[in-house]
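This report concerns only the one structure given below.
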Amino acid sequence: MTDPLGTKPACLLTVVIPLLNEQEVLPELHARLKAATAGLQAPVELLFVDDGSTDHSAAVLQGLAAQDPQVGVIRFSRNFGKEQAMSAGLQAARGEAVVILDADLQHPPEHIPEMVTAWRAGADIVNMKRRSRRDESWTKRRAAGAFYRLINRLSDTPIPADIGDFRLLSRRAVQALNRMPERNRFMKGLFAWIGFPQVTLEYDVAERAGGATKWSPHQLTRLAVEGITAFSIQPLKFATKLGLLTALLAVGLGLFYLVRALLLGDPVPGFPTLIVVILMLGGMQLMAIGLLGEYLGRLWLESKQRPLYIVQDHWPARQFEASAQEGP
Ligand code: UDP
Ligand code: MG
């Protein structure tokens with residue numbers, strides 16, 4: 001997986017838009033992107049990554065690409081997930097800078113000019129932090145808060161809270177990300193891991209312009225577990241510590257019973273203690289094994305070296321075709 005462009009971008013900015021079944025919002029998204037980037041006075045590539053939509057998104061995108069030479073489309077052969085769609089967009093982007101933005105208009109395109117200004121002022125990564133999560137349910141907010149607290153305790157790389165995937169990346173930041181070989185792509189962590197000068201701007205999350213959220217609670221939980229196991233081996237160490245603690249406890253308990261039996265004899269058969277100890281040890285062992293399995297499973301997935309995604313169609317933005325084929 002090499003950077004197709006090397007260091008020779010074909011336009012100022014690429015906007016990468018991962019999307020899954022967003023047919024209702026695409027025309028409005030396109031119009032607002034055009035309006036928001038018109039003021040930049042520079043060519044802008046709009047790169048839509050269709051993550052295996054089953055509605056008419058692909059047809060809508062094909063229509064947009066036919067009418068606007070700055071629109072490029074990558075279409076996956078099936079749904080591979082948003083992290084993969086973002087990775088594909090970053091690989092194919094031809095801009096000097098890349099903005100990643102959700103298709104549902106929750107990330108208002110009108111913020112792009114100020115992001116570009118921050119990038120021109122020297123930032124390699126411009127993170128967009130949501131001012132509030134009031135649009136989300138109480139449980140989702142609580143879960144998100146707990147997740148960020150947990151991962152920041154465990155991970156060596158601080159992962160800023162409430163920063164979604166709305167951000168701008170400079171060409172060298174994109175190149176750094178493109179060099180990441182791992183299959184388990186917890187992008188929020190990877191963005192933080194690569195470093196570079198970063199600034200954070202605030203914005204208000206808008207309502208979804210149409211359609212429904214594509215994340216089920218189950219998928220969000222999976223993302224959280226992936227994030228933690230990709231960025232920390234603390235849980236493994238925790239299992240070791242727990243084991244050690246249990247062993248010490250068992251020795252202490254053993255001594256206590258020995259002394260008691262020597263002094264007082266053994267009047268009652270120790271069924272309750274026995275069952276408690278067995279259950280406790282069994283539970284802890286199962287937990288530690290589960291933990292090991294979680295990491296081993298990831299190792300197994302990585303070791304297969306499968307591609308991150310399969311592209312079914314690729315219609316590059318026509319306007320930048322010529323300059324891309326010139327080569328270095
Ligand atoms: N998305 C995607 N692949 C998926 C799930 C979502 O490309 O498997 C896209 C989706 O179309 C949207 C963005 O990722 O552009 C964010 O998804 P969504 O709005 O459903 O998430 P939420 O804003 O509710 O967290
Ligand atoms: Mg959304």
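Each reported figure results from applying straightforward, stated rules to the coordinates on display, with no laboratory input. Everything quoted here is computed from the prediction, not taken from an experiment. For neighbour counting, all protein chains shown are included, and Cβ atoms are generated from backbone atoms with ideal geometry for every residue, glycine included.
Miscellaneous remarks
- Packing, as the average of other Cβ atoms within 10 Å across residues, places the peptides 19-25, 73-79, 33-39 in the order 19-25, 73-79, 33-39, highest first.
- Listed by Cβ neighbour count within 10 Å, with the fewest neighbours leading, Ile125, Ile310 appear as Ile310, Ile125.
- Label zone of Phe238 (point 7 Å out along Cα→Cβ, amide N under 17 Å): in the stretch 283-297 this covers 283-296.
- Label-to-label distance, nm, for residues given as Arg222 and Val259 (7 Å Cα→Cβ offset): 5.3 nm
- Cβ-based exposure ranking for Phe320, Phe48, in which fewest neighbours within 10 Å come first: Phe320, Phe48
- Normalised by the number of residues in the chain, the average gap of Cα pairs under 8 Å and 6 or more apart makes the relative contact order 25 percent.
- The Stokes-Einstein estimate for the stretch 48-204, based on a Kirkwood radius over Cα pairs and taken at 25 °C with 0.890 mPa s viscosity, is a diffusion coefficient of 145 µm²/s.
- Among the listed pairs Lys34/Lys188; Lys237/Lys304; Lys188/Lys241; Lys34/Lys214; Lys129/Lys237; Lys82/Lys140, those whose Cα-Cα separation exceeds 23 Å are Lys34/Lys188; Lys237/Lys304; Lys188/Lys241; Lys34/Lys214; Lys129/Lys237.
- DSSP bridge analysis restricted to the chain gives an antiparallel fraction near 35%, rounded to the nearest 5.
- Computed [θ] at 222 nm, helices only, for the chain once each DSSP H run of length n ≥ 4 contributes -39500 (n - 2.57): -16000 deg cm²/dmol
- Pairwise FRET efficiency - Ala42 versus Met280, Cβ, R0 = 51 Å, nearest 0.05: 0.20
- Of the complete DSSP H runs in the chain, those spanning 30 angstrom or more by Cα along the long axis with a mean Kyte-Doolittle score not below 0.0 are 234-264, 271-303.
- Projected onto their three principal axes, the Cα atoms of the stretch 59-138 cover extents of 38, 35, 23 Å, largest first.
- Centroid-to-centroid separation of the stretch 41-74 and the stretch 130-204 [C-alpha atoms, Å]: 26 Å
- When only Cα pairs below 8 angstrom with a gap of at least 6 residues are kept, the stretch 32-155 shows a relative contact order of 26 percent.
- Rg over Rh for the chain works out to 1.13, using Cα positions for both radii and the Kirkwood form for Rh.
- Cα convex hull, the stretch 1-134: 123 Å³ per residue, rounded to a whole number.
- Restriction of the GluC sites (Glu not before Pro) in the stretch 151-207 to DSSP coil positions whose beta-carbon has at most 16 other beta-carbons within 10 angstrom yields Glu182, Glu207.
- The order of Ile151, Ile289, going from fewest to most other C-beta atoms within 10 Å of their C-beta, is Ile289, Ile151.
- Secondary structure note: in the stretch 126-257, about 40% of the DSSP beta bridges are antiparallel.
- Descending semi-axes in Å of the stretch 103-172, equivalent ellipsoid built from Cα gyration tensor: 25, 18, 8
- Taken along the Cα-to-beta-carbon direction at a fixed 7 Å, the label points for Ala161 and Arg133 span 0.8 nm.
- When its C-alpha radius of gyration is set against 2.2 N^0.38 Å (N residues), the stretch 173-328 gives a value of 1.78.
- Ranked by the mean number of other Cβ atoms within 10 Å per residue, highest first, peptides 299-308, 167-176, 241-250 order as 167-176, 241-250, 299-308.
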